[in-house]
Amino acid sequence: MAAFIIIVCVFSPLLILWLTYKSKVLNKVGTIVLAYTIGCLLGLSGIIPATDEMQSLQTSIASATIPFAIPLMLFSSDVKSWAKLAPSFIKSLIFALLGSAIAITIGFKLFGKSDPVTLANVGGMLSGLFTGGTANLASLKIALCVDDGTYILVNAYEIAASAAYLLFVIIFGKRILGLFMPDFKFDKNVEDNSVSIENHEDELFLGLFRKDNLSDLFKGLGLTVAIIALGAGVASLFPKDTFQSVFILSISLLSILASLSPKVRNIKRTFEAGTYFILIFSIAVATQVRVNTFTEVNPDLLYMTLTALFGSLLFHILLSTLFRVDSDTTLATSISLICSPPFVPVISGALHNKAIVGPGIAVGLFGYAIGTYFGFGLAKMLINFC
């Protein structure tokens, strides 16, 4: 079964790319959506055993692909263009933090009466999670003295809700937000947008494995491996509980520095190769979806988690709309904070906009840095308002 999962995750993207090449309808649906759909169907079918060993393998596959995807997708970046994007991303970051705080406060007021102290601490954990990811969730569990049972339930609810949220954003986010938010403005003079990925995803991959492109593909992969090794070495110098955030930060920074070289930026098909790894990641994550996600339901915890997640998105969108932040920036910021920086390339592929990868990851890394403090402060504020 382990071999089956590996084969499915690694080679399903080839099938997906072939389908999008053959079908105009599937081409419009997009490779990312197809990857998640295939993964979810496999997970829900029961073909893959719901064992700790299988889940560990699926998680390992997903974790292994992101360090390859990030450098490959950043190599073609034009860092100078980020200065133009920075104001919008900074505003979107502020609105996301405000939206999270507002939604969690409302959730606490609605569902926190049964156990105010516990639910206030849960609110703090959720705000840290939606600002900096699972690492901050775990650190806030310790800082706020949350018991293991509560932590496990909140984590389970959040994983299922975040999966639904991610699918919603990928499939409907752009269409819905595009009705009332400005479109992302592409700069034709910027290298970041020199390769249009707005039209026909199949065109991205037709030459990926062609003989005349293999040399560039190996160059990109070789440089990526070197950056991963160096990033892991840097992260190993820090405490173990910070390894993930330092590792992602290191490989992102090293990739950005590498992209300053015209020789690196001119390596062909690096973005497309990175997207292939994202498809593997998407399938590995989606296959973990199960019908019986919860063995025990705590209504207050569940409703507060759902209110925090979808309320954060709602208030983020409202504030961004009010101050005319574009839809792509809003979605990239939201995904980076709520789902963590490694998911930015996923939304980049779904939105057909690689210009948001670098700034989106930067926002998420900032969230890593402040998430624990933000969550701890919010928890204490909610307790004082009990």
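A few points about this structure:
- Principal-axis analysis of the Cα atoms of the chain puts helix 116-132 at an angle of about 10° to the longest axis.
- With DNA, RNA and ligands ignored, accessible area of residue 324 (1.4 Å probe; Å², nearest 10): 150
- 0 to 90° range, to nearest 10: angle between helix 52-74 axis and the chain longest Cα axis: 60
- Mean separation of Cα contacts under 8 Å, 6 or more apart, over the residue count of the chain: relative contact order %: 41
- Measuring against 20 Å, Cα to Cα, the residue pairs 22/219; 24/354; 91/185; 185/263 contain 22/219; 24/354; 185/263 as the ones spanning a longer distance.
- Region 213-327, relative contact order [Cα under 8 Å, separation at least 6], %: 24
- From phi via Karplus (6.51, -1.76, 1.60), per-residue ³J(HN,Hα) for region 263-268 in Hz, x at Gly/Pro: 4, 6, 4, 8, 5, 6
- Entry note, region 248-386: relative contact order of 19 percent, from Cα contacts under 8 Å with a spacing of 6+ residues.
- A 1.4 Å probe, protein heavy atoms only, puts the accessible area of residue 323 near 100 Å².
- Cα-based Kirkwood hydrodynamic radius, the chain, one decimal, Å: 21.2
- Derived scalar couplings between HN and Hα for region 371-381 equal x, 5, 5, 4, x, 5, x, 5, 4, 5, 5 Hz in order, rounded to whole Hz, by the Karplus curve 6.51 cos²θ - 1.76 cosθ + 1.60 (θ = phi - 60°), x for Gly and Pro.
- By average C-beta atoms within 10 angstrom, highest first, the peptides 88-96, 111-119, 123-131: 123-131, 88-96, 111-119
- Accessible surface, per residue, of region 292-386 when the full set of protein chains is kept, probe 1.4 Å, Å²: 36
- Backbone HN-Hα couplings from phi across region 301-316 [Karplus 6.51/-1.76/1.60, Hz, Gly and Pro as x]: 5, 5, 5, 5, 5, 5, 5, 5, 5, 6, x, 4, 5, 4, 5, 4
- Principal-axis tilt of helix 243-259 within the chain, Cα atoms, nearest 10 degrees: 30
- Cα-based radius of gyration of region 216-307 once divided by 2.2 N^0.38 Å, which approximates compact folds: 1.54
- Peptides 371-377, 269-275, 258-264, ordered by how many other C-beta atoms sit within 10 Å of their residues on average, highest first, read 269-275, 371-377, 258-264.
- Packing, taken as the mean count of other beta carbons within 10 Å per residue, orders the peptides 234-240, 13-19, 142-148 from highest to lowest as 13-19, 142-148, 234-240.
- When the convex hull of its Cα atoms is projected in every direction, mean area for region 238-359 (nm²): 10.9
- The chain: calculated mean residue ellipticity at 222 nm from DSSP helix runs of at least 4, using -39500 (n - 2.57): -24500 deg cm²/dmol
The values are calculated or read from the model by the stated rules, or taken from the named source; none is laboratory data. Being a predicted model, the structure only gives us computed values, none of them experimental. Positions of Cβ are generated from backbone atoms using ideal geometry, with glycine treated the same way; all protein chains shown enter the neighbour counts. What goes into the accessible areas is simple: the full protein's heavy atoms, side chains included, and nothing from ligands, DNA or RNA. Shrake-Rupley method; radii C 1.70, N 1.55, O 1.52, S 1.80 Å.
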